Amino acid sequence: MNATTPSIPANVPAKVDVVVVGAGFAGLYALHKLRSEGLTVQVFEAGDGVGGVWYWNRYPGARCDVESVDYSYSFDEALQQDWDWSEKYATQPEILRYVNHVADRFDLRRNIKFGTRVTDMALDEETLRWEVQTESGDVVSARFCILAVGPLSNANFPAIEGLDSFDGGVYHTAHWPHEGVDFTGRRVGVIGTGSSGIQTIPRIAEQAAQLHVFQRTANYSVPAGNVPLDDETREAQKANYTERRRLSMASGGGSPHEAHPKSALDVSEEERRAAYEKRWELGGVLFSKAFPDQLLTVDANDTARVFWEEKVRAVIDDPEVAELLVPKDHPIGAKRICTDDRYFQTYNRDNVHLVNLRAAPIERIEAGGVHTADAYYEIDDLVLATGFDAMTGSVEKLRIVGRGGETLNEAWAEGPKTYLGLGIAGFPNLFNLTGPGSPSVLANMVLHSELHVNWVADAIGYLDAHGAVALEARPEAVADWVKECSERAAATLMPTANSWYLGANIPGKPRVFMPFVGGFGVYGRIIAEVAAAGYKGFDVIEE
């Protein structure tokens, strides 16, 4: 079967054990795992192919910030040994090839209906089954529902006056045309300098006649240090996969790299710089975890910030531009550190101009360009690198009705409330994967997906073995977990940044720090202990 031409089931069954929403890494593994347990599974995917975020995000320069060898499934040893990654940090096309390979290898497409968006999910309180409806008219009854919609899948379109009147091309990084875009000789504006902006700006600069980068907030970014992987490196990685995975599952973020054992303040300047240099060479987001206290105290954080500033200022020719590109409003790592490929050097190009929106905000957009408070920029094409309504945005698009007719959006009106990030009071047998209340985007999302799916599969097996029909989080367990997540976050520097971890990029969204910051390994042990104690904090509902 051609991996780019998905099959669509002719008939969706009226009744299944499990409905899964989404066919990204989490949804695909959920399908494989639960089907292998003898359950009937129906997956609905809004896109026309598998891959989730890697299906939609095709912008130039899109690349993972977790090493390829780690950002991959661990559930099948033959798959680990057979697949060869070409680079240290894989690009979007290579990740999508991998996901398609997995879908074909395990014959997953036959239980996925593509191009189908779920709209409604309603609980039958008598049977505790869920009725799931789609835009295309499908109606399916399921014992269990799994939301595998991803924490970064609902694009954030900025509310800028006149945006709809712009005559040129408008492209959002999260909805990039599959055929690509040629900016050769064009005057291009990019709004946003978060992760997608930082990755795409250098690539667009190579084509565009003029590139105007509209920056409201400077962000920390570390070079990927990307290199091709040769056969010798791949063989060594594969030979060590068992230990690599063990370290990853026990780590803070799902990668096999451990922080320095001492505080950043308890070592010599020479030792500290050597540790930071090692992380700089490793590349990417893990720079924030060189020392265990980097995100706990300002003094420790400042040692990382000073090192970073020295590195970045050294590669920017114009000190005034460098001053604008160095963040001053948050500790390094309090927002996710971006991963780049010569991003800061791009501002040394004659065709690249940085526009400081702090000094002169965008006032409106018209047919031919962008008006800021002090200038007008003629633009042929506009790129919106404005990110996502993260963590909850994709769930909010669904109308999910639980006990007493309460919708999930109503239950989460003041911010998401979960137990372990998995269960929700009033919504039995509904599991949300890798979202708020879990490590989520603070961890390697592929291994996180496996951890959650395995837990859900075991929970279903437990119910079946005990003649029970449902698992439902208790309200007091939810309240305690929300409090624990909040207290853990408050003990760090992370809530001090206006980040999408808090929903700060979405006007009107409740400011709640959504991920669990205690570490991936710690979280894994907590949810395992809950299961071992007969699903403590959940009501096990019998027939």
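The values are calculated or read from the model by the stated rules, or taken from the named source; none is laboratory data. Predicted model only: the values in this text are computed from it and were never measured. Note that each Cβ is placed from the backbone with ideal geometry, even for glycine, and that neighbours are counted across all protein chains shown. Ligands, DNA and RNA are excluded from the accessible area calculation, which covers all protein heavy atoms including side chains. Shrake-Rupley method; radii C 1.70, N 1.55, O 1.52, S 1.80 Å.
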Original post:
Residues of region 54-86 being in contact with a Pro (Cβ under 8 Å, 6 or more places away or on another chain) and open to solvent by 40 Å² or more (accessible area, probe 1.4 Å), which ones?
Top reply: 58, 86
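Residues checked against (1) in contact with a helix residue (DSSP H, G or I) (Cβ under 6 Å, 6 or more places away or on another chain); (2) open to solvent by less than 50 Å² (accessible area, probe 1.4 Å):
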{"site": "88", "(1), (2)": "no, yes"}
{"site": "93", "(1), (2)": "no, no"}
{"site": "97", "(1), (2)": "no, no"}
{"site": "121", "(1), (2)": "no, yes"}
{"site": "127", "(1), (2)": "no, no"}
{"site": "142", "(1), (2)": "no, yes"}
{"site": "146", "(1), (2)": "yes, yes"}
**OP:** Name, by its number, the condition in (1) over 30 Å from residue 441 (Cβ atoms); (2) in contact with a Leu (Cβ under 9 Å, 6 or more places away or on another chain) that does not hold for residue 344.
**Re:** (1)
Subject >> Which numbered condition residue 39 misses (of (1) more than 22 Å from the chain's Cα centre (by Cα); (2) open to solvent by 50 Å² or more (accessible area, probe 1.4 Å); (3) at pLDDT 95 or above) >> reply: (2)
Original post:
What single numbered condition from (1) open to solvent by less than 60 Å² (accessible area, probe 1.4 Å); (2) within 20 Å of residue 336 (Cβ to Cβ) fails to hold for residue 289?
Top reply: (1)
Subject >> helices (runs of 4 or more DSSP H) contained entirely in region 52-146, each with at least 1 residues that are β-branched (Val, Ile, Thr) >> reply: 53-56, 92-105
**OP:** Could you tell me whether region 171-183 includes any residue that is of a type in the set (A, V, I, L, M), part of a strand (DSSP E or B) and either in contact with an Asp or Glu (Cβ under 8 Å, 6 or more places away or on another chain) or surrounded by 22 or more Cβ atoms within 10 Å (Cβ to Cβ) (or both)?
**Re:** no
Subject >> Set 158, 151: member being at pLDDT below 95, under 20 Å from the mean Cα position of the chain (by Cα) and surrounded by fewer than 17 Cβ atoms within 10 Å (Cβ to Cβ) >> reply: 158
Original post:
Quick check: anything in region 481-490 under 30 Å from residue 327 (Cβ atoms) and touching a helix residue (DSSP H, G or I) at 6+ places or on another chain (Cβ under 7 Å)?
Top reply: yes
Original post:
Quick one: in region 224-248, which of the residues that are surrounded by 17 or more Cβ atoms within 10 Å (Cβ to Cβ) and in contact with a Gly (Cβ under 6 Å, 6 or more places away or on another chain) is farthest from residue 181 (Cα to Cα)?
Top reply: 248
Original post:
Can you pull out the residues in region 252-293 that are within 16 Å of residue 442 (Cβ to Cβ), assigned to a helix (DSSP H, G or I) and among the hydroxyl-bearing types (Ser, Thr, Tyr)?
Top reply: 288
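For every residue, the table says whether it meets (1) touching a His at 6+ places or on another chain (Cβ under 6 Å); (2) among the β-branched types (Val, Ile, Thr).
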residue	(1), (2)
202	no, no
212	yes, no
217	no, yes
243	no, no
259	no, no
264	no, no
267	no, yes
275	yes, no
Subject >> Top-ranked residue of region 450-501 - restricted to ones that are aromatic (Phe, Trp, Tyr) and surrounded by 18 or more Cβ atoms within 10 Å (Cβ to Cβ), ranked as nearest to residue 512 (Cα to Cα) >> reply: 501
Original post:
Where in region 294-392 are there strands (runs of 3 or more DSSP E), lying wholly inside it, with at least 2 residues that are open to solvent by 30 Å² or more (accessible area, probe 1.4 Å)?
Top reply: 352-356, 362-366, 376-378
**OP:** Those residues that are assigned to a loop (DSSP other than H, G, I, E, B), in contact with a strand residue (DSSP E or B) (Cβ under 7 Å, 6 or more places away or on another chain) and not small (Gly, Ala, Ser), I need them from region 200-219; list them, please.
**Re:** 219
